[in-house]
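Notes for the one structure printed next.
Just so you know, all these numbers are worked out from the coordinates, no wet-lab data involved. Computed from a predicted model, the values in this text were never measured in an experiment. Don't worry about glycine lacking a Cβ; one is built from the backbone with ideal geometry, like all the others, and counts go over all protein chains shown.
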Amino acid sequence: MPGIEIAGKTGTAQVVSASFRRSGQKGNFKANAWFVGYAPASDPKIVVAVLVMHGAESSVAAPIAGQVIKAYYEEKGWLQNMMTTPKPAIASALPVSGR
């Protein structure tokens, strides 16, 4: 998330065994999607844990956590300060060879 350094871990947890799924039973057997994290990474102020039942992939849970962290920062007024505080310019140049 731009302006917010988030540290975390994604994961999935299967809800039934592979052999049970192959048995022909009907139901939603997609794995549960997880994300746990905190921000800012260097000096944590918020910790989040997101579980999406039958979310299938952990990439489903991480954006939700990001939105929760963003809302927390907005509520505290920190996000606005981060966006309006001038950042030092970073200059970079890549040499172009053979042209």
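One line per residue, one yes/no per condition, for (1) under 20 Å from G66 (Cα atoms); (2) of a type in the set (S, T, Y); (3) out of contact with any Leu (no Cβ under 8 Å at 6 or more places or on another chain):
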residue	(1), (2), (3)
G3	yes, no, no
I6	yes, no, yes
K9	yes, no, yes
S19	no, yes, yes
K26	no, no, yes
F29	no, no, yes
N32	yes, no, no
A39	yes, no, yes
I46	yes, no, yes
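Within the range 6-53, track down each residue that is surrounded by 14 or more Cβ atoms within 10 Å (Cβ to Cβ), under 16 Å from the mean Cα position of the chain (by Cα) and in a loop (DSSP other than H, G, I, E, B).
Correct list: I6, P40.
Find all pairs meeting these conditions: Cβ atoms under 7 angstrom apart; at least six residues apart or on different chains; first residue within the range 54-72 and over 25 Å from G27 (Cα atoms); second residue assigned to a helix (DSSP H, G or I).
If the second residue must be assigned to a helix (DSSP H, G or I), the pairs left are K70/L79.
Sort out which residues of the range 71-80 are part of a helix (DSSP H, G or I) and out of contact with any Phe, Trp or Tyr (no Cβ under 7 Å at 6 or more places or on another chain), and write them in order of number.
A71, Y72, Y73, E74, E75, K76, W78, Q80
Hey, among the residues in the range 54-70 that are within 12 Å of I4 (Cβ to Cβ) and out of contact with any Phe, Trp or Tyr (no Cβ under 7 Å at 6 or more places or on another chain), which one's surrounded by the fewest Cβ atoms within 10 Å (Cβ to Cβ)?
Of all residues in the range 54-70, those within 12 Å of I4 (Cβ to Cβ) come to 65-70.
Restricting the remaining residues to those that are out of contact with any Phe, Trp or Tyr (no Cβ under 7 Å at 6 or more places or on another chain) gives 66-70.
On the way: G66: 19, Q67: 13, V68: 17, I69: 23, K70: 17.
The selected residue is Q67.
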